[in-house]
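What follows is one structure encoded as structure tokens, with my remarks underneath.
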Amino acid sequence: MAAYVDSCVLLSLLLGDSGYTDSEQWLINQGDQTLWISHWVLLEVAGVIATCVRRGQLTAEQAQTIGSEFESFRQERLTLIEPRGTDFLQARQWLERCLHLPLRSGDALHLALAQRQQLTVVSADRALARCAESLGLPLQLIG
């Protein structure tokens, strides 16, 4: 399975939250398989870390360390997908067409990128999993 990893899996690994054990085990099970992320994932990770600093959950020094560790991990293990205009258009179509789904903008973009690259999205987000299932897209739910 070629995998597109969403930010919640990576954030669990970086921040050691309740999803850490499941995310770590999933990562170990992947062996040398190529793991894909997008620039959008990089932005989401940075945004969550910045929010943690503003809320006093992390110090600026801790955030810098986490950011450096993530960048090293990204360079060693993750392959970037460049978003295209067509990905944004596909995400927009799903948002406009699937008003019954709890689909968020960023999640729609994750799904569009993964669909274009024929990747399975890997996430711990149950709402995202429900949306992917409704759209007929492959998703592996962790946890």
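Key figures
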| quantity | calculated |
| --- | --- |
| When residues of the stretch 74-122 are limited to those that are open to solvent by 30 Å² or more (accessible area, probe 1.4 Å) and in contact (Cβ under 8 Å) with a residue 60 or more places away in the chain, the one nearest to Ser134 (Cα to Cα) | Gln118 |
| Residue check for Ala127: within 20 Å of Ala3 (Cβ to Cβ), among the hydrophobic types (A, V, I, L, M, F, W, C) and in contact with a Gly (Cβ under 9 Å, 6 or more places away or on another chain) | no |
| Selection from the stretch 123-133 of residues that are surrounded by fewer than 18 Cβ atoms within 10 Å (Cβ to Cβ) and either at pLDDT 95 or above or charged (D, E, K, R) (or both) | Arg126, Arg130, Glu133 |
| Number of the condition not met by Leu80 [criteria: (1) within 15 Å of the chain's Cα centre (by Cα); (2) over 21 Å from Pro138 (Cβ atoms); (3) not in a helix (DSSP H, G or I)] | (2) |
| Residues within the stretch 1-32 that are under 20 Å from Leu111 (Cβ atoms) and open to solvent by 50 Å² or more (accessible area, probe 1.4 Å), tallied | 1 |
| Test: residue in the stretch 41-64 that is open to solvent by 60 Å² or more (accessible area, probe 1.4 Å), of a type in the set (Ser, Thr, Tyr) and either part of a helix (DSSP H, G or I) or in contact with a His (Cβ under 7 Å, 6 or more places away or on another chain) (or both) | no |
| Long-range neighbours under 8 Å by Cβ, at least six apart or interchain, first residue closer than 15 Å to Leu13 by Cα within the stretch 46-63, second at pLDDT below 95 | Val48/Ser7 |
| Which numbered condition Ser68 misses (of (1) within 16 Å of Leu13 (Cα to Cα); (2) surrounded by 11 or more Cβ atoms within 10 Å (Cβ to Cβ); (3) over 17 Å from the mean Cα position of the chain (by Cα)) | (2) |
| Selection count where residues are of a type in the set (Lys, Arg) and either within 13 Å of Ser123 (Cβ to Cβ) or touching a Pro at 6+ places or on another chain (Cβ under 7 Å) (or both), scope the stretch 97-111 | 1 |
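The values are calculated or read from the model by the stated rules, or taken from the named source; none is laboratory data. If you're wondering where the values come from, they're calculated on a predicted model, not measured in any experiment. As a convention, Cβ positions derive from the backbone with ideal geometry for all residues, glycine included, and neighbour counts pool all protein chains shown. Note: accessible area is taken over every heavy atom of the protein model, side chains too, but ligands, DNA and RNA are not part of it. Shrake-Rupley method; radii C 1.70, N 1.55, O 1.52, S 1.80 Å.
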